[in-house]
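J.: Before anything else, here's the structure in question.
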Amino acid sequence: ATLVASANNAANAMARCTDMSRADFVAKMNEKAKQFEALHTNFVDPSGIDEHSVTTASDFAKIANAAFSTAVIRDYASQPSVYFCSLNSPKKCHNLKNTNKLFGDTELQVIAGKTGYLNESLYNFAASSKNQQGQYLITVVLGSDSQKQSFESTKVIAELGFKKLASKLAAATIQ
């Protein structure tokens, strides 16, 4: 629910399902971020939605790269929707739609993505994309005025990034 539909309550529920206190869970998140060399990131809650949780685009890219490189996370973050039912009685079923509107885009092949919105940073989006040469690229857009703008900016940044990758590959081949 957190990866597909950006349900912050699911992140909090996940923290409650561990044998850790909320503070210990958040400390573990910060420890993990440091392992990814996300040195300018500090979480204060499990969802990261608290205004005192901070990161940078560079750190967010490192975290997204680690997350999208993990098969189970990538698999869920790439689903257009997910359907599940609770195990308790009475059973409650949910069909959650992915908030990533770039799935199926004809210009950019998005492998996985994560949207977000905060009053302080507006619309945000991290994506893992793949070009026709099989190269992967992580893009991060923070502070867009609209979700649509975050997707459009992602496409522009990815196009520039893939061009830069292609020119580096060409230069390396010539040498």
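J.: Pairs under 6 Å by beta carbon, first residue closer than 24 Å to GLY134 by Cβ and at pLDDT 90 or above in the stretch 88-110, partner of a type in the set (A, V, I, L, M) and in a strand (DSSP E or B), six or more apart or different chains?
T.: Sorted first by the residue in the stretch 88-110, then by its partner, the pairs are LEU102/VAL110; VAL110/ALA127.
J.: Between residues in the stretch 1-30 that are outside any helix (DSSP H, G or I) and residues that are open to solvent by less than 60 Å² (accessible area, probe 1.4 Å) and polar (S, T, N, Q), which pairs lie under 7 Å by C-beta distance while being six or more apart or on different chains?
T.: Hits for this filter: SER6/THR99; SER6/THR115.
J.: Take the residues in the stretch 63-87 that are more than 15 Å from the chain's Cα centre (by Cα) and open to solvent by less than 70 Å² (accessible area, probe 1.4 Å); name whichever of them is modelled with the lowest pLDDT.
T.: First, the residues of the stretch 63-87 that are more than 15 Å from the chain's Cα centre (by Cα): 81-87.
Narrowing further to those that are open to solvent by less than 70 Å² (accessible area, probe 1.4 Å): 81-82, 85-86.
Values: SER81: 91, VAL82: 90, CYS85: 89, SER86: 83.
The qualifying residue modelled with the lowest pLDDT is SER86.
J.: Working only within the stretch 39-58, note down all residues that are over 17 Å from LEU118 (Cβ atoms) and either of a type outside the set (A, V, I, L, M, F, W, C) or surrounded by 14 or more Cβ atoms within 10 Å (Cβ to Cβ) (or both). Spell out the reasoning first.
T.: We begin by selecting, within the stretch 39-58, every residue over 17 Å from LEU118 (Cβ atoms); these are 39, 58.
Correct list: SER58 only.
J.: Something else about it: Can you work out which of the residues in the stretch 123-144 that are open to solvent by 40 Å² or more (accessible area, probe 1.4 Å) and aliphatic (A, V, I, L, M) is nearest to LEU160 (Cα to Cα)?
T.: The selected residue is ILE138.
J.: Any idea which of (1) at pLDDT 95 or above; (2) touching an Asp or Glu at 6+ places or on another chain (Cβ under 9 Å) is the one ASN119 doesn't satisfy?
T.: Evaluating ASN119 over (1) at pLDDT 95 or above; (2) touching an Asp or Glu at 6+ places or on another chain (Cβ under 9 Å) leaves (1) as the failure.
J.: Search the stretch 54-70 for residues that are closer than 13 Å to TYR136 by Cβ and assigned to a strand (DSSP E or B) and pair each with any residue that is at pLDDT below 95 and open to solvent by less than 30 Å² (accessible area, probe 1.4 Å) when their beta-carbon atoms are under 9 Å apart and the residues are at least 6 apart or on different chains.
T.: Matching pairs, first to second residue: none at all.
The values are calculated or read from the model by the stated rules, or taken from the named source; none is laboratory data. If you're wondering where the values come from, they're calculated on a predicted model, not measured in any experiment. Ideal geometry is used to build each Cβ from the backbone, glycine not excepted, and the neighbour counts take in all protein chains shown. Each accessible area value is taken on the protein alone, full model and side chains, heavy atoms only, with ligands, DNA and RNA left out. Shrake-Rupley method; radii C 1.70, N 1.55, O 1.52, S 1.80 Å.
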